[in-house]
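Notes for the one structure printed next.
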Amino acid sequence: MPEASANIGVVGLAVMGSNLARNLASREGNTVAIFNRSYEKTETLLSEHPEAEFVPAATYREFADSLQKPRTAIIMVKAGRPTDAVIDSLVEVFEPGDIIVDGGNAYFPDTIRREKAVRETGINFVGAGISGGEEGALLGPSIMPGGSDESWVTLGPILKSIAAVAEGEPCVTHVGHDGAGHFVKMVHNGIEYADMQLIAEAYDLIRRGTGKSPAEIAEIFAEWNTGELESYLIEITAEVLRQVDAETGQPLVDVILDQAGAKGTGAWTVQTALSLGVPVSGIAEATFARSLSSHPEQRAVSGDLPGPEDEFTVEDTESFIEDVRLALYASKIVAYSQGFDEIRAGAAEYDWNIDLGAISKIWRGGCIIRAQFLNRIADAYQAEPGLPVLLTAPYFTEAITRAQASWRRVVIAAAEAGIPAPAFSSSLSYYDGIRADRLPAALVQGQRDFFGAHTYKRIDKPGTFHTQWSGDRTEIEAEDTH
Ligand code: NBP
């Protein structure tokens, strides 16, 4: 029987798991047990990284025996059935009080189900969202753990030791119970979709409006990265646009097939938002834009549909680029505001006590949406923890006041030029909707009452009403059927 020498274990040694195991091993005080279904990956990791002094295990039993109690293991396997298979195996060899962490990209309802089932054995189960890709896993990711308070006592110091650090603070917080961590990670990915789409629209408008080359636009993004848009995604956009294809000598972006893939987290964010009744239009449009791009058969037959007669040319290049920058910033504020709305609604629905300011802080480092801008979100929630709409925080209101005219000009220009800008324009529509004194929802209620007797309320007196549309059209008091 091996000596219980490890304080943490990792199951699943593909790219994410092996990098996370190396990250753990590099931190003072950690001894890391490792296990993978097929032993080859364990052997490879052992031979390539002797400095990590891993404790290898060939079976789940050996793995459990090599861990100090309470045993703590992080699962990094393919999300879905593989995760369930590993949990079942660990539950057989772990004991009450031990902690199983799923660090994969699980769908949060699965995490809620798993937590409930594992809790019945007395073992703790923690679903932890981990963002930052391969590099983050190795050097410091942003970590969003859910699970019980009891597991956080043991797990907290370990996760803090491996997380990214932003302005002196580790990018990890106990998000809330059961599926809260994976829920927040899901919304993080949804916001990532929106942010990427907005950047792509900005690039497309500048390219088609000014005729600048990808390399020239790379310089614009690099410049933007020194100001209020500073973020990892803007930084890598400049890198991608600068890249030249070795084979053809063309800008790489021009030889990449224009069909964007997705692994499902954007769709989960939108599906969840629909069921919570939260309008995350920026994330939805970004997800749909990827879907639209990935239907070549439809695009092929639609290519001859008529577009605007006039060619799109921008008269004042400098001011157009500045307009696009401001439209991007304003739309980005909307996308984040909508994402935080979804987290608030999820917390209310699932009874999670989520600190929105703390979430914005743990996204400042390690993860894909890391940005200077997240400090402003943290400030806004610190000043008013119950802030109902992030957009209304003074900093963001000021930013939108500054950006508004540009934002509208860009959306008009895109529509006139026939350039799709779904995330820019839907963000502006959301903005105009949320600030409207009166919405045409009144007419929708009238229509609903007409065909389905769905009733309506009035602005001038309490109660619920129905107009007898198929009779004499008098109004009667009705039961509330909303
Ligand atoms: P993969 O998602 O490619 O999964 C491969 C691992 O799963 C291997 O270790 C494999 O073992 C193991 N596995 C499978 Br498949 N079925 C198994 C089973 N029935 N029992 C035990 N192990 C099984 O690995 P990854 O790309 O490193 O990602 C790991 C997790 O991290 C995923 O949930 C992913 O969504 C998440 N994530 C990935 C990224 C990223 O940038 N890649 C970022 C953030 C989160 P084997 O070697 O024996 O086949």
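The values are calculated or read from the model by the stated rules, or taken from the named source; none is laboratory data. Computed from a predicted structure; not experimentally measured. Cβ sites come from the backbone with ideal geometry, for glycine too, and all protein chains shown count toward neighbours. In case anyone asks, the SASA skips ligands and DNA or RNA and just uses the protein heavy atoms, side chains included. Shrake-Rupley method; radii C 1.70, N 1.55, O 1.52, S 1.80 Å.
Things worth noting here:
- If you go through the range 214-234 and keep only what is open to solvent by 30 Å² or more (accessible area, probe 1.4 Å) and within 16 Å of Y193 (Cα to Cα), you end up with just Y232.
- Scanning the range 261-291 for residues that are over 13 Å from Q338 (Cβ atoms), at pLDDT 95 or above and surrounded by fewer than 16 Cβ atoms within 10 Å (Cβ to Cβ) returns Q271, S275, S291.
- Scan of the range 149-169 for residues that are free of Cβ contacts under 8 Å to residues at least 60 places away in the same chain and open to solvent by 30 Å² or more (accessible area, probe 1.4 Å), ordered by number: D149, E150, W152, V153, P157, K160, G168
- Residue count for the range 69-86, restricted to those that are closer than 20 Å to D149 by Cα and within 16 Å of the ligand (Cβ to nearest atom): 3
- Boolean, I123 is of a type in the set (V, I, T) and free of Cβ contacts under 8 Å to residues at least 40 places away in the same chain: yes
- Taken together, S47, S89 contain a single residue that is at pLDDT 95 or above, within 15 Å of the ligand (Cβ to nearest atom), of a type outside the set (A, V, I, L, M, F, W, C) and outside any loop (DSSP other than H, G, I, E, B), which is S89.
- Members of the range 12-34 that are farther than 18 Å from G104 by Cβ and assigned to a loop (DSSP other than H, G, I, E, B): S26, R27, E28, G29, N30, T31
- If the condition is being under 15 Å from T72 (Cβ atoms) and open to solvent by 10 Å² or more (accessible area, probe 1.4 Å), then the range 1-34 contributes A4, S5, N7, A25, R27, G29, N30, T31.
- Taken together, the residues in the range 147-178 that are part of a loop (DSSP other than H, G, I, E, B) and within 15 Å of the ligand (Cβ to nearest atom) amount to 3.
- Filtering the range 191-213 to residues that are hydrophobic (A, V, I, L, M, F, W, C) and open to solvent by less than 30 Å² (accessible area, probe 1.4 Å) leaves I191, A194, L198, I199, A202, L205, I206.
- Lone unmet requirement of (1) more than 13 Å from the ligand (Cβ to nearest atom); (2) in a helix (DSSP H, G or I) for D110: (1)
- Filtered residue count, the range 174-199, keeping only those that are under 8 Å from the mean Cα position of the chain (by Cα), within 20 Å of S426 (Cβ to Cβ) and β-branched (V, I, T): 2
- The conditions of being in a loop (DSSP other than H, G, I, E, B) and either closer than 27 Å to P422 by Cβ or open to solvent by 10 Å² or more (accessible area, probe 1.4 Å) (or both) are not met by H188.
- The set of residues in the range 92-106 that are open to solvent by 40 Å² or more (accessible area, probe 1.4 Å) and either part of a loop (DSSP other than H, G, I, E, B) or within 12 Å of the ligand (Cβ to nearest atom) (or both) comprises E95, P96, N105.
- Within the range 171-212, the set of residues being among the small types (G, A, S) and either out of contact with any strand residue (DSSP E or B) (no Cβ under 7 Å at 6 or more places or on another chain) or closer than 19 Å to Y232 by Cα (or both) comprises G176, A180, G190, A194, A200, A202, G209, G211.
- Of the candidates L229, L257, L233, the single residue that is in the same structural domain as E342 (by the TED database), at pLDDT 95 or above, of a type in the set (A, V, I, L, M, F, W, C) and in a helix (DSSP H, G or I) is L233.
- Scanning the range 15-38 for residues that are among the polar types (S, T, N, Q), more than 8 Å from the ligand (Cβ to nearest atom) and over 15 Å from A164 (Cβ atoms) yields a total of 2.
- Selected residue [aliphatic (A, V, I, L, M), within 16 Å of the ligand (Cβ to nearest atom) and either more than 16 Å from D355 (Cβ to Cβ) or not assigned by the TED database to the domain that holds N30 (or both)] from A200, A194, A137: A137
- Search result, residues across the range 88-130 that are under 24 Å from the mean Cα position of the chain (by Cα) and of a type in the set (S, T, Y): Y107, T111
- Test: residue in the range 55-68 that is among the small types (G, A, S), within 11 Å of the ligand (Cβ to nearest atom) and loosely packed, with under 15 Cβ neighbours inside 10 Å: no
- From A222, A267, A289, A238, residue being assigned to a helix (DSSP H, G or I), away from the ligand (no atom under 16 Å from the Cβ) and under 17 Å from the mean Cα position of the chain (by Cα): A289
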